[in-house]
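What follows is one structure encoded as structure tokens, with my remarks underneath.
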Amino acid sequence: MADLVLTVGVVSDTHIPDRVRAMHPGIIPILSGAKVNLILHAGDISSHGVLEDLARVAPVQAVRGNRDWVLLKTLPLVLNLELAGVPLALMHGHGGMLNYLVDKFLYLRDGYDFARYQKKLVESAAQAKVIVFGHTHRPVNLNIDGKLLFNPGSASIGFEQELMPSTGLLRFFSGGEVRGEIIKLSGFRLKDGIWHRISDS
């Protein structure tokens, strides 16, 4: 039986303060409760304060999203890591501003198509066994052709009403096995950029 050697928290698309004013109240307790050794942020962070808050739980590695061009412009577009002996690529997934604009047009014309993103992700990280990304606000936890493609979903808002905010965990086991888990962030609703307990009036 494989032993757990590393637990990694994964957060993306926090959008503070451009879409919400603060992180979902469930994120820090979930990451702390999971005793994560590291936190990955897959971009659209939008403020330094988010990374500072996450760093109180565990060390943070982050990449630049399409909303991070001003305050967080020094972050890389793609970050290649080796975790527990497993090559991992962390990216937002928009592929730079030109690709972002082309994809925005295709999204508005054709809607969401995961296959379109899958090709770009794999091309950007051919050597990685695990590809962590964000951008689409849609959770993904799929093993395809020997690679784990993992998107924790948006920690703030989904592009469709039925999409709850979510975060994720990656667990690395001896022998190179990696398992992903998507965790829905419940208990609060968003109104005017502020999180309110569902039981509140």
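The values are calculated or read from the model by the stated rules, or taken from the named source; none is laboratory data. These numbers were taken from a predicted model, which means no experiment stands behind them. FYI the Cβ positions are ideal-geometry reconstructions off the backbone, even for glycines, and counts take in every protein chain you see.
Things worth noting here:
- Checking each residue in region 161-190 for being farther than 20 Å from I131 by Cα, buried (at least 16 other Cβ atoms within 10 Å of the Cβ) and not aliphatic (A, V, I, L, M) picks out P165, F188.
- Residue in region 71-84 that is out of contact with any Cys (no Cβ under 8 Å at 6 or more places or on another chain), buried (at least 18 other Cβ atoms within 10 Å of the Cβ), assigned to a loop (DSSP other than H, G, I, E, B) and hydroxyl-bearing (S, T, Y) present: no
- Exclusive hit being within 12 Å of I182 (Cα to Cα), buried (at least 16 other Cβ atoms within 10 Å of the Cβ) and aromatic (F, W, Y), set F133, F150: F150
- Answer residue from region 40-87, given it is touching a Lys or Arg at 6+ places or on another chain (Cβ under 8 Å) and touching a residue at least 60 places away in the same chain (Cβ under 8 Å) and is nearest to G180 (Cα to Cα) among those: V86
- Only one of the numbered conditions (1) within 17 Å of the chain's Cα centre (by Cα); (2) aromatic (F, W, Y); (3) within 21 Å of P29 (Cβ to Cβ) is not met by F133, and that is (3).
- Filtered residue count, region 133-158, keeping only those that are aromatic (F, W, Y) and without any contact (Cβ under 8 Å) to a residue 24 or more places away in the chain: 0
- Evaluation of H196 against (1) farther than 26 Å from V132 by Cα; (2) modelled with pLDDT under 90 (one fails), failing number: (2)
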